[in-house]
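The values are calculated or read from the model by the stated rules, or taken from the named source; none is laboratory data. Please read these numbers as outputs of a predicted model, since none were measured by experiment. No Cβ is skipped: glycine too gets one built from the backbone with ideal geometry, and neighbour counts run over all protein chains shown.
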Amino acid sequence: MNAMQVLSAAEMQACDRATTERFGIPSLNLMRAAAAAVAAFARERFPHARRVTVLCGRGNNGGDGMMAARLLADAGLEVTTLLLGAPGLLNGDAAEAWRELTSPMHGQVHVVAASGDLARHQSALETDLILDALVGTGFKPPLKGLALAALEWLRGSGAPAPILAPILAIDLPSGWPADETSATVDGPVFPADAVITFTAPKPGHLFGQLTRRWDQPVCGGADRLAR
């Protein structure tokens, strides 16, 4: 029996670099493979979801979300994407993911430049599934800025009302450190009903109570190099 490989955040980043530098696989291809895995997992695990809202940050986790949004829209789903931050600040693969999402436009796409802008997008919460693509493996706590504002918006500015739509977290629920070995964390964290990660689990996946029903989690793993 093969032992399961667990990678820290730094080891995961080194693995991605080695895949690109030593084996010549462009990092954009890794993002495309990750996005394809997310889109397939979303359709498999949430087959009745016709409306999907994708919350994207400006990093590669957001790039995964943007590419997944494009694939889901191409599959005929009603997709709304919210980018938290200015498109002009996107770099590298995330910038290419934005171009592919918006040229031509796939579904509805909105830019959230300030926390006050979120109030104009309440209709995005009237959805069947939310994809959390705000921050990923490289996240360092605490959650802050627009990501924290999005969490408060999602929760109704701190109101106790439940978030009805299921949430699929890409890589990790935003706000959960990849290397955390505790079952819970003190800082603000996005709720999740399912988590999909790539290549190998991180310590947070093994030890953390990541989902709202953590005793019956829905988790998926996907190789970034699609086979």
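Points to keep in mind about this one:
- The sole residue among R50, R120 that is out of contact with any Cys (no Cβ under 6 Å at 6 or more places or on another chain) and either closer than 27 Å to P188 by Cβ or at pLDDT below 95 (or both) is R120.
- Hey, A95 surrounded by 22 or more Cβ atoms within 10 Å (Cβ to Cβ), at pLDDT 95 or above and in a helix (DSSP H, G or I) or not: no
- Only listed residue being out of contact with any helix residue (DSSP H, G or I) (no Cβ under 7 Å at 6 or more places or on another chain) and not polar (S, T, N, Q), chosen from G62, G76, G107: G76
- Pair list, Cβ under 7 Å, 6 or more apart: the range 95-121 residue of a type in the set (G, A, S), other residue at pLDDT 95 or above and assigned to a helix (DSSP H, G or I): A97/M31; A97/G63; A97/M66; A97/M67; G107/A69; G107/A73; S115/L146; S115/A149
- Here T81 clears all of (1) surrounded by fewer than 23 Cβ atoms within 10 Å (Cβ to Cβ); (2) not in a loop (DSSP other than H, G, I, E, B) except the condition numbered (1).
- Among the residues of the range 59-76, those that are over 16 Å from P173 (Cα atoms) and not in a helix (DSSP H, G or I) comprise A75, G76.
- Matching residues, the range 98-140, being over 16 Å from the mean Cα position of the chain (by Cα) and among the hydroxyl-bearing types (S, T, Y): T102, S103, S115, S123, T127
- Against the list (1) among the small types (G, A, S); (2) surrounded by 15 or more Cβ atoms within 10 Å (Cβ to Cβ); (3) free of Cβ contacts under 8 Å to residues at least 40 places away in the same chain, the condition G62 fails is (3).
- Among residues of the range 113-130, those that are touching a Lys or Arg at 6+ places or on another chain (Cβ under 9 Å) and crowded, with 16+ Cβ neighbours inside 10 Å, counted: 3
- Pair list, Cβ < 6 Å and 6+ apart or interchain, from the range 16-41 residues that are at pLDDT below 95 and surrounded by fewer than 16 Cβ atoms within 10 Å (Cβ to Cβ) to residues that are part of a helix (DSSP H, G or I) and of a type in the set (F, W, Y): none
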